[in-house]
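In what follows, a single structure is set out as structure tokens and then discussed.
Every number here is computed from the coordinates shown, using simple stated rules; none is lab data. Bear in mind that the values here come from a model prediction, so they are computed numbers and not experimental data. Virtual Cβ from ideal backbone geometry, glycine too; neighbours counted across all protein chains shown.
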Amino acid sequence: MKAFSYLFLIIFGFTSVASAEDKIRVLIIDGQNNHDTWPKTTMMMKSFLEETDRFTVDIERTQFTWKGGELLEEFPLDDGKQYEDLPKPKTDPDFKPNFANYDVVLSNFGYNAAAWPDETKAALEAFVGGGGGMVVVHAADNSFGDWEEFNQMIGLGGWGGRNEKSGPYVYLNEDEEIVRDESKGNGGDHGPRHEYQVVIREPDHPIVAGLPRAWMHTKDELYQKLRGPANNMTILATAYADPKYKGTGRHEPIVMTIDYKGGRVFHTVMGHDDQAMACVGYATLLVRGTEWAADGKVTLNEVPDDFPTSTESKSRPFEMSVSQ
Ligand SMILES: [Zn+2]
């Protein structure tokens with residue numbers, strides 16, 4: 001074959017990468033979260049993902065919502081379905097997303113979300129266990145404390161009745177060694193929101209490769225005292241929980257991957273609200289982590305020019321850039 005034919009193939013091959021069938025199919029699930037910015041943060045994450053041209057994103061929401069408030073009207077789904085915002089979380093017996101239609105499921109549920117139907121729980125277990133991807137952000141790790149397989153998927157969680165029966169506390173000690181601490185106590189805690197430095201612990205991992213080894217995260221909650229089975233879990237980044245902010249004085253895991261049977265889970269504890277998610281570092285990790293969850297590879301490996309430095313956080317104002 002002549003050289004120009006190879007060139008044609010290269011160009012043709014390159015342009016075909018962006019076709020819809022090659023994109024990673026993501027399903028964001030939400031509806032019940034004590035963090036009342038959730039209708040907006042769901043749209044922010046959809047936007048971050050679609051802006052890369054690497055993903056298509058759908059959203060499925062429980063028909064009974066909790067703490068959606070006025071943001072449900074500002075950031076509507078417009079999917080023709082009826083929703084009812086209730087004063088307390090309530091199980092939606094019809095919440096049965098077809099996970100199998102997607103490559104990755106991203107949970108923006110939160111603390112105190114009502115239990116899913118058994119059929120839906122089994123479907124998620126089959127999806128991730130069968131090789132699917134899952135992304136867990138911030139309070140999504142508060143949900144479903146008594147669901148054993150969910151806890152295996154997320155590795156560590158907080159609140160939701162979690163205690164020593166859920167698994168050890170996991171953190172890094174002064175010598176930066178991973179500790180699995182079996183002592184008794186509740187799982188999940190945080191002090192007041194503040195900016196904190198994210199420290200990369202696995203710089204060769206594709207989700208964090210090429211990023212600064214330490215960078216300042218926008219004002220956010222720093223989760224600590226998380227506990228769970230933490231099986232097959234890799235800690236990609238930690239943050240020092242400073243006693244000045246009611247911290248443990250430990251290096252707490254804040255970005256993790258978990259191998260759950262045949263599937264991959266990306267878990268970040270960052271993302272309390274829209275301000276925290278506006279962090280360029282948050283968005284960068286979210287798109288890379290979601291891509292990794294799909295198939296274990298990351299092609300979105302450019303580091304944005306406005307990525308935070310070791311001393312200065314960087315945020316981007318959020319503007320809706322995708323269809324609702
Ligand atoms: Zn929070």
Legend entry - Stretch gain in nm, segment Ala115-Asp295, where the contour uses 0.36 nm per residue and the Cα spacing is subtracted: 61.9 nm
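Which GluC sites (Glu not before Pro) does the stretch 244-324 hold that lie in a coil by DSSP with at most 13 other beta carbons within 10 Å? All intermediate terms of the calculation are to be shown ahead of the outcome.
Numbers: sites: Glu291, Glu302, Glu312, Glu319; in loops: Glu302, Glu312, Glu319.
Of the GluC sites (Glu not before Pro), the ones in loops of the stretch 244-324 whose Cβ has at most 13 other Cβ atoms within 10 Å are Glu302, Glu312, Glu319.
Given a cut-off of 29 Å, name the pairs among Lys23/Lys90; Lys46/Lys88; Lys225/Lys261; Lys121/Lys297; Lys23/Lys121; Lys46/Lys244 whose C-alpha atoms lie farther apart than that in the structure shown. Working shown, then result.
Working: Lys23/Lys90 34 Å; Lys46/Lys88 26 Å; Lys225/Lys261 25 Å; Lys121/Lys297 27 Å; Lys23/Lys121 26 Å; Lys46/Lys244 35 Å.
Over 29 Å apart, Cα to Cα: Lys23/Lys90; Lys46/Lys244.
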Legend entry - Environment charge at Glu164 (Cβ cut-off 11 Å; Lys +1, Arg +1, Asp -1, Glu -1): +2
Inset, instruction - Be a star and scan the stretch 156-181 for residues whose amide nitrogen sits under 20 Å from the point 7 Å along the Cα-to-Cβ vector of Arg193. - result: 158-159
Inset, instruction - Pop a pseudo-label 7 angstrom from the Cα along the beta-carbon direction at both Glu202 and Asn231 and give the gap in nm to one decimal. - result: 1.7 nm
Legend entry - Calculated from backbone phi, Karplus (6.51, -1.76, 1.60) coupling profile of the stretch 77-86 in Hz, x at Gly/Pro: 7, 6, 9, x, 8, 9, 10, 9, 7, 10
Inset, instruction - Would you work out which of Pro308, Asn151, Thr234 lies farthest towards the positive end of the dipole of the chain, given +1 charges on the beta-carbon of Lys and Arg and -1 on that of Asp and Glu, about the Cα centre? - result: Thr234
Inset, instruction - Give a quick list of GluC sites (Glu not before Pro) in the stretch 16-75 that DSSP marks as loop, anything other than H, G, I, E or B, with at most 15 other Cβ atoms within 10 Å. - result: Glu70
Inset, instruction - Return the ratio Rg/(2.2 N^0.38 Å) for the stretch 24-295, where Rg is computed over Cα atoms only. - result: 0.93
Legend entry - Cα-centre dipole for the chain with unit charges at Cβ (Lys and Arg positive, Asp and Glu negative), debye to 20: 420 debye
Legend entry - Projected label distance in nm at Gln275 and Asp58, using a 7 Å step from Cα toward the beta-carbon: 3.6 nm
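Within the chain, which is the longest segment that contains none of the trypsin sites (Lys or Arg not before Pro) sitting in a DSSP loop with at most 12 other Cβ atoms within 10 Å? Working shown, then result.
Values: sites that count: Lys2, Lys81, Lys184, Arg213, Lys297.
Maximal segment without exposed cleavage sites: 82-183.
Length gain on complete extension for the stretch Glu70 to Ser310, per 0.36 nm per residue less the alpha carbon to alpha carbon distance? Display every interim value, and only then the final one.
Values: separation 240, 0.36 × 240 = 86.40 nm, distance 3.67 nm.
Extra length from Glu70 to Ser310 when fully extended: 82.7 nm.
Let's test the formula: R0 of 51 Å, r as the Cβ-Cβ distance of Asp94 and Arg213. What FRET efficiency results, to the nearest 0.05? It would help to have the intermediate numbers written out before the result.
On the way: r = 47 Å, r/R0 = 0.91.
Using R0 = 51 Å, I get an efficiency of 0.65.
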Legend entry - Built amide H within the under 5 Å cut-off of Ala237, gap 5+: Arg201, Ile254, Val255
Inset, instruction - Could you grab the relative contact order for the chain? Cα pairs under 8 Å, six or more apart, rounded to a whole percent. - result: 18 percent
Legend entry - Net charge of Cβ neighbours under 11 Å - reference Ser313; Lys, Arg +1; Asp, Glu -1: -2
Legend entry - Distance between modelled label sites at Arg25 and Glu149, nm, 7 Å Cα→Cβ extension: 2.0 nm
